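Colleague: Before I ask anything, let me first share the structure, which is written out below as structure tokens.
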Amino acid sequence: MRKVTMKKANMIKFRINDKQVEARQGWTVLETAKEYNIDIPTLCHHPAVTASGSCRLCMVELKEGDWSKLVASCIYPVKEGINIYTETPRVHNVRRWIFEMLLASCPASEEVRQMAEKYGVISTRFSVHDPNQSCLVCGLCQRVCEEVVGLSAIAVMDRGVHKKVGAPFLRPTDICVACGSCVTICPTDAMAKIFDTVRGKPELPLSQLA
Ligand code: SF4
């Protein structure tokens with residue numbers, strides 16, 4: 001009983017959408033929201049790897065008194081007494097902008113298209129550089145390879161619109177053990193498309209890998 005009281009005392013209390021929630025020390029706003037089944041869209045987040053905040057879809061509004069700011073919920077640590085709102089006009093506006101940018105950077109992704117549609121975004125005002133691209137360069141593949149598999153068979157290269165993922169120096173690497181973790185964690189079909197360019201000459205087709 002005492003243990004339970006101690007645990008409760010260590011919990012951080014704050015509000016999401018005017019509802020009181022409790023979080024453990026070190027949790028982020030997104031982790032707390034998931035605990036309470038509050039939906040926040042993400043593409044670059046997976047609990048198995050370090051959060052990067054790269055896709056920015058998980059932006060939420062933090063209000064304190066008369067001011068507010070947008071924060072990326074997957075990397076924002078919870079604090080006692082803060083007020084978080086996940087569905088305000090400001091939040092929806094920024095998500096629509098991000099979806100427009102994603103529709104331009106990875107227009108071939110069915111997953112992105114379907115998520116964007118839910119926010120009423122069906123086209124983009126940004127330039128499309130590659131209509132066949134479905135990679136949003138979220139880096140999940142690189143992080144799972146490094147942090148979970150313990151290898152560095154995938155690199156994130158270049159900057160801005162030229163940023164891309166692939167084998168280091170874009171040469172198939174024999175470091176890759178073809179575990180398929182990168183393909184599984186990829187939020188689109190992008191890693192499956194370039195998998196053979198990372199692992200080199202395949203001994204087994206992708207469909208037969210565990
Ligand atoms: S399949 Fe290769 S590149 Fe992908 S996570 Fe496994 S070791 Fe890394």
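The values are calculated or read from the model by the stated rules, or taken from the named source; none is laboratory data. Treat the numbers as computed from the prediction; the structure is a model and nothing was measured. Cβ: placed from backbone, ideal geometry, glycine included. Neighbour counts: every protein chain shown. Heavy atoms of the whole protein, side chains included, go into the accessibility calculation; ligands, DNA and RNA do not. Shrake-Rupley method; radii C 1.70, N 1.55, O 1.52, S 1.80 Å.
Colleague: Once you keep just the Cα pairs under 8 angstrom separated by 6 or more residues, what percentage relative contact order results for the chain?
Modeller: So the answer I get is 15 percent.
Colleague: Grab the beta carbon distance between R171 and Q114, set R0 = 30 Å, and tell me the FRET efficiency rounded to 0.05.
Modeller: The pair R171/Q114 has a calculated efficiency of 0.30.
Colleague: Oh, and also: What accessible area per residue, rounded to a whole number of Å², is obtained for segment 11-83 using a probe radius of 1.4 Å? Walk me through the numbers before you get to the answer.
Modeller: Numbers: 3640 Å² over 73 residues.
That works out to 50 Å² for each residue.
Colleague: Next up: What is the distance, in nm, between label points placed 7 Å from the Cα along the Cα-to-Cβ direction at R159 and at T124?
Modeller: Here the modelled spin labels are 2.1 nm apart.
Colleague: Residue by residue, what Karplus-based ³J(HN,Hα) values in Hz, rounded to whole numbers, does segment 28-38 have, using 6.51, -1.76 and 1.60 with θ = phi - 60° and x for Gly and Pro?
Modeller: 9, 4, 5, 4, 5, 4, 4, 4, 9, 6, 9
Colleague: Continuing with this model, one more query. Could you pull out the pairs from K164/K193; K79/K164; K69/K163; K79/K163; K13/K34; K118/K163 whose alpha carbons sit more than 25 Å apart here?
Modeller: Listed pairs above 25 Å: K79/K164; K69/K163; K79/K163; K118/K163.
Colleague: Further question: Quick one: what Rg and Dmax do you get for the chain from the alpha carbons, in Å?
Modeller: Calculated on Cα positions, Rg and Dmax stand at 19.5, 61 Å.
Colleague: So what is the accessible area of segment 88-134 per residue, in Å², with the probe set to 1.4 Å?
Modeller: 60 Å²
Colleague: Of the accessible area of the chain, with the probe set at 1.4 angstrom, what percent is carbon plus sulfur?
Modeller: Carbon plus sulfur share of accessible area: 53 percent.
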